1. Residues in segment B:80-88: is at least one in a strand (DSSP E or B) and either free of Cβ contacts under 8 Å to residues at least 24 places away in the same chain or among the aromatic types (Phe, Trp, Tyr) (or both)?
2. Could you grab me the full set of residues in segment B:20-46 that are among the β-branched types (Val, Ile, Thr) and open to solvent by 30 Å² or more (accessible area, probe 1.4 Å)?
3. Does segment A:5-14 contain at least one residue that is open to solvent by 60 Å² or more (accessible area, probe 1.4 Å) and in a helix (DSSP H, G or I)?
4. Taking C:THR209 as meeting all but one of (1) hydroxyl-bearing (Ser, Thr, Tyr); (2) more than 21 Å from the chain's Cα centre (by Cα); (3) within 13 Å of chain A (Cβ to nearest Cβ); (4) surrounded by 21 or more Cβ atoms within 10 Å (Cβ to Cβ), write down the number of the exception.
5. Confirm whether A:GLU221 is at the interface with chain C (Cβ under 10 Å from one of its Cβ atoms) and open to solvent by 20 Å² or more (accessible area, probe 1.4 Å).
6. Contact list please: Cβ distance under 8 Å, first residue in segment C:14-31 and polar (S, T, N, Q), second residue modelled with pLDDT of 95 or more and surrounded by 19 or more Cβ atoms within 10 Å (Cβ to Cβ), pairs at least six apart or on different chains.
7. Against the definition (among the aliphatic types (A, V, I, L, M), more than 30 Å from C:SER62 (Cβ to Cβ) and either open to solvent by less than 20 Å² (accessible area, probe 1.4 Å) or away from chain A (no Cβ under 13 Å) (or both)), how does C:VAL124 come out, yes or no?
8. Tally the residues that are open to solvent by less than 80 Å² (accessible area, probe 1.4 Å) and assigned to a loop (DSSP other than H, G, I, E, B), restricting the search to segment C:47-63.
Amino acid sequence: MSSAGGKRVVIFGVGDFARLAAVYLRTDSPHEVVAFTVHERYRGEPELLGLPVVPFEELGRSYPPEAAAMLVAVGFSRVNRARAEIYDECKARGYELVSYVNSKAILWEEVEFGDNCFVFEANVIQPFVRIGNDVIVWSGNHIGHDSRIGDHCFVASHAVISGNVTIGERCFVGVNATVRDGVTIAPDCVIGAGALIMKDTEPGGVYSTPGTEPRPHRSWELDL
Amino acid sequence: MSSAGGKRVVIFGVGDFARLAAVYLRTDSPHEVVAFTVHERYRGEPELLGLPVVPFEELGRSYPPEAAAMLVAVGFSRVNRARAEIYDECKARGYELVSYVNSKAILWEEVEFGDNCFVFEANVIQPFVRIGNDVIVWSGNHIGHDSRIGDHCFVASHAVISGNVTIGERCFVGVNATVRDGVTIAPDCVIGAGALIMKDTEPGGVYSTPGTEPRPHRSWELDL
Amino acid sequence: MSSAGGKRVVIFGVGDFARLAAVYLRTDSPHEVVAFTVHERYRGEPELLGLPVVPFEELGRSYPPEAAAMLVAVGFSRVNRARAEIYDECKARGYELVSYVNSKAILWEEVEFGDNCFVFEANVIQPFVRIGNDVIVWSGNHIGHDSRIGDHCFVASHAVISGNVTIGERCFVGVNATVRDGVTIAPDCVIGAGALIMKDTEPGGVYSTPGTEPRPHRSWELDL
């Protein structure tokens, strides 16, 4: 593989997250993205950002596990089960899965995390946090001290996960959601955008708030 | 003009934003602020932060477009129309309008933006974002990948504008507001503090939430 | 005391905050943490993180004010009165109380603050802010220009304190709370997690929102 801890990486996925992952790895990691891959039926164009899109069914021929590591850059489809399944399959085929932490995320040496994690910019992950495998932490979240995030979770942007929180596997935490300190979020929960979680949740629970309704007047009638 | 891309800049405005803009440009840009300007009837003191306040009506005499660039540091009065009008007038008079991006904002090379933009500290602007002219992005916002912000918008602090969002011209987005991914905000909307926008909005729509009501007890009665 | 402005520091407290304070001072300050201290009846183990836990009643023997400074790392018990009382007692005994500002907080030269302040990572404190004594600012908050925070306040994470806000003594501001610009928060208020404060508050007022309720369906029934 290439120099200084950098690896040749094949990104699984061709959607927004895959495209972003390529930009982030190229600009802000020692890794070299060499190809995208996805199941043949989702393949679309044969190239993306100037790189080949290889059918996942045939990946072993052009990029066997000895020649490349992988990153599964799939979002939260089916409450993270889609990504978890591909993660498992890549591992079963023998691929190493790399984790990426943006250079403008703030972590402490005490933080532990697994493989196929992707931590975007401006996250704060306080000391004594433990993060599992295959956890996506989008941008600008707070993960408070001593909290634990289970495998295959997806945390969107600006969420506040306070201290001593436990989040089970495959949870989705939406943008600007708030979880108070000490709470346990059971596996497979969906915490919607802007939701406020003040106590423990049930497995598979869905916590979402309706959007703000429009007022009867127009902005040009306001005294702003 | 001065060295290394730095310009002599006249700031339009004498309010909070103008005062802050002077501090930010002085401390964190190559530019040199040489004066403030405002219409004669709003002028008040002849000096601000040790610099002259020149009547806008006479600005061409002391600081013609050949001698200075400008920055219009006006807030969101009349849902950004006040700033837009002055922006247009400065351009019509031939002034170059500078943009400022704080050195502690996080941007990617793929971000495009226009003139008279002011991006405060701790903002994250993800790849493939396009920002128009005369857009104020206060502090600590998230602007997700592939989103577009129209001309003359004002985004307050800690707002989450998720990925693939489109925001029309002259919108106001309040502190800690949340816009979910893929939503289109029509022109001239007011998204109030803490509002949650889950679907497309109507032009000129006002989306605001009432503040949290007090509980019947006092803090010293709590078991905190 | 030790080199380059660094002091020998005894941390008051043995809870989460005290433990974190030791990590932060060790990793990100010139200070050397030499011991913890707490009242005899709360002492528990005689060591914490490899350092002695000294009974506060006897602190003067092993670490008199000439030999060590202090940091009171106590949370918001009794709406910050517990910490305020210990702060007062340490001062009365002659101890210097150190303040800590994380190297990844963003402050401007115009910010003033007192002693025993603890500012975590990723905070933005804009110009012309004044912060009193014994103020804890957890992670990722925005404190807008010209705002004032009174003595003994505790601000949790991701709060937005807009510009020109005044916060009285001993207030608690919860995670992801929002205070609009120009508002005055009276002393001893509790602003709960996710609360939205749009107008002035009464002394000792409690402003909290209930958590988001679960929806009737399970996450695996969603079309996500």
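The values are calculated or read from the model by the stated rules, or taken from the named source; none is laboratory data. Nothing here was measured: the structure is a model prediction, and the numbers come from that model. Every residue, glycine as well, gets a Cβ built from its backbone with ideal geometry; the counts of neighbours run over all protein chains shown. Just so you know, the surface numbers come from the protein's heavy atoms only, side chains and all, with ligands and any DNA or RNA stripped out. Shrake-Rupley method; radii C 1.70, N 1.55, O 1.52, S 1.80 Å.
1. Scanning segment B:80-88 turns up no residue that is in a strand (DSSP E or B) and either free of Cβ contacts under 8 Å to residues at least 24 places away in the same chain or among the aromatic types (Phe, Trp, Tyr) (or both).
2. Once the filter is applied, which keeps residues that are among the β-branched types (Val, Ile, Thr) and open to solvent by 30 Å² or more (accessible area, probe 1.4 Å), segment B:20-46 yields only B:THR27.
3. no
4. (4)
5. When the stated conditions are applied, A:GLU221 does not pass them.
6. C:SER29/C:TYR100
7. Numbers: among the aliphatic types (A, V, I, L, M): yes; more than 30 Å from C:SER62 (Cβ to Cβ): yes; either open to solvent by less than 20 Å² (accessible area, probe 1.4 Å) or away from chain A (no Cβ under 13 Å) (or both): yes.
It is true that C:VAL124 is among the aliphatic types (A, V, I, L, M), more than 30 Å from C:SER62 (Cβ to Cβ) and either open to solvent by less than 20 Å² (accessible area, probe 1.4 Å) or away from chain A (no Cβ under 13 Å) (or both).
8. 2
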